[in-house]
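The values are calculated or read from the model by the stated rules, or taken from the named source; none is laboratory data. Remember, it's a predicted structure, so these values are computed and weren't measured experimentally. Cβ atoms come from the backbone with ideal geometry, glycine included; neighbour counts cover every protein chain shown. Protein only, heavy atoms only, side chains kept; ligands, DNA and RNA dropped before computing areas. Shrake-Rupley method; radii C 1.70, N 1.55, O 1.52, S 1.80 Å.
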Amino acid sequence: MSSTANILSGLELAEDIRNKLQKEVKLLKEEHPEFDPVLVFVQVGSFEDSNVYVCNATEVAIKVGVSTKHSSLPRTSTESELLSEVKKLNEDSKVHGIIVLLPLDTDTPVDENLILNAVSPNKDVDGLCDANAGRLSHGELEGFFVPCTPTGCMQLIKKTGVTIKGSKAVVIGSSKTVGLPMSLLLLCHHATVVTCHSTTKDLKDEVKDADIIVAAMGQPQMVKKDWVKPGAVVIDCGFNFVKDNSSAPGWRPVGNVDTEDVKEVASWITPVPGGFGPMTCITLIKNTLDAAKKALNA
């Protein structure tokens, strides 16, 4: 076994997928000149993380041949105003994908679940409405949308060649956008799954005999070398900033895993940046294309 982990590049895998989607869209547009997949970002306020996601995903969409629109609502928007916007997009036949950017940056009380469930399941390209989430919880994997980050992470895990069936997988984090659907996806692939969260006792002990680790708990560089079994595959879904006086801006991005430490024992590890992020973006665009194809054939 190598003394240093292989770097599992999300950039490289996302580029491969993007090139295939680009060719597919080109052929579809040649056969159907009216074919124009459209993704709409619904954003309340202006959280910087959401701004970056919109920018990155839009860049990927342009390269693939998917159109994007940005429905930007002020922080003063009410729940009824946001519901009205989602309803309008649901009814627009030229819109194929809708993603409500979370968290909502709002001054007024808004029921996040109410908004997510207002999105038509056929246009819910981030797979967060109850209808789509419920199908995943029942072990279904075809014909609907699964959240983009877990889907991208599963493709990265498969890229390593690790045997998922029968392996112990530990997911650190239980959010509805990453942790919970990631656990369900791994379970659907017949892994033995442990889902950890903020109140898990002896977290390190739960993690250190895992064959596959997915870290999505929002704590910078929390997972250390002594948490990781030699040869484990480590997927880092964190994106945080830490102080670094040696860099020009005075900070640098890090994940939830101490990469320099953990790569001494892991077999594969995703970098930050360049790991889960590109895979999240390309999955969002693929889901939008799938929704547009379904509408074309309806």
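So Pro103 passes all but one of these: (1) open to solvent by less than 70 Å² (accessible area, probe 1.4 Å); (2) modelled with pLDDT under 95. Which condition number does it fail?
Result: Pro103 passes all but (1).
So for region 150-173 (the condition being touching a Cys at 6+ places or on another chain (Cβ under 9 Å) and open to solvent by 20 Å² or more (accessible area, probe 1.4 Å)), does at least one residue qualify?
no
Six or more apart or on different chains, Cβ under 7 Å: which pairs go from a residue in region 69-94 that's within 16 Å of Phe41 (Cβ to Cβ) to one that's surrounded by 13 or more Cβ atoms within 10 Å (Cβ to Cβ) and aromatic (Phe, Trp, Tyr)? Could you list them?
Going by the 7 Å Cβ cut-off, the qualifying pairs are His70/Phe41; Ser71/Phe41.
Going by the structure shown, is Glu34 closer than 28 Å to Cys237 by Cα, open to solvent by 60 Å² or more (accessible area, probe 1.4 Å), of a type in the set (Asp, Glu) and free of Cβ contacts under 8 Å to residues at least 24 places away in the same chain? Please lay out each step first, then the result.
Details: closer than 28 Å to Cys237 by Cα: no; open to solvent by 60 Å² or more (accessible area, probe 1.4 Å): yes; of a type in the set (Asp, Glu): yes; free of Cβ contacts under 8 Å to residues at least 24 places away in the same chain: yes.
Considered against the rule, which asks whether it is closer than 28 Å to Cys237 by Cα, open to solvent by 60 Å² or more (accessible area, probe 1.4 Å), of a type in the set (Asp, Glu) and free of Cβ contacts under 8 Å to residues at least 24 places away in the same chain, Glu34 comes out as no.
A quick yes/no check of all residues on (1) of a type in the set (Asp, Glu); (2) open to solvent by less than 80 Å² (accessible area, probe 1.4 Å); (3) closer than 23 Å to Val25 by Cβ; (4) touching a strand residue (DSSP E or B) at 6+ places or on another chain (Cβ under 6 Å):
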site	(1), (2), (3), (4)
Asn51	no, yes, no, no
Val54	no, yes, yes, yes
Lys69	no, no, yes, yes
Pro74	no, yes, no, no
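Keeping to region 132-149, report how many residues are open to solvent by less than 60 Å² (accessible area, probe 1.4 Å) and out of contact with any strand residue (DSSP E or B) (no Cβ under 8 Å at 6 or more places or on another chain). Steps first, please.
Going through region 132-149, the residues open to solvent by less than 60 Å² (accessible area, probe 1.4 Å) turn out to be 132-134, 136, 139, 143-149.
Next, only the ones that are out of contact with any strand residue (DSSP E or B) (no Cβ under 8 Å at 6 or more places or on another chain) stay: 133-134, 136, 139, 143-144, 146-149.
Residues that pass the stated criteria total 10.
Among the strands (runs of 3 or more DSSP E) confined wholly to region 206-293, which include 1 or more residues that are modelled with pLDDT under 95 and open to solvent by 50 Å² or more (accessible area, probe 1.4 Å)? Walk me through it before giving the result.
Numbers: elements: 212-215, 233-236, 240-243, 251-254.
Output list reads 240-243, 251-254.
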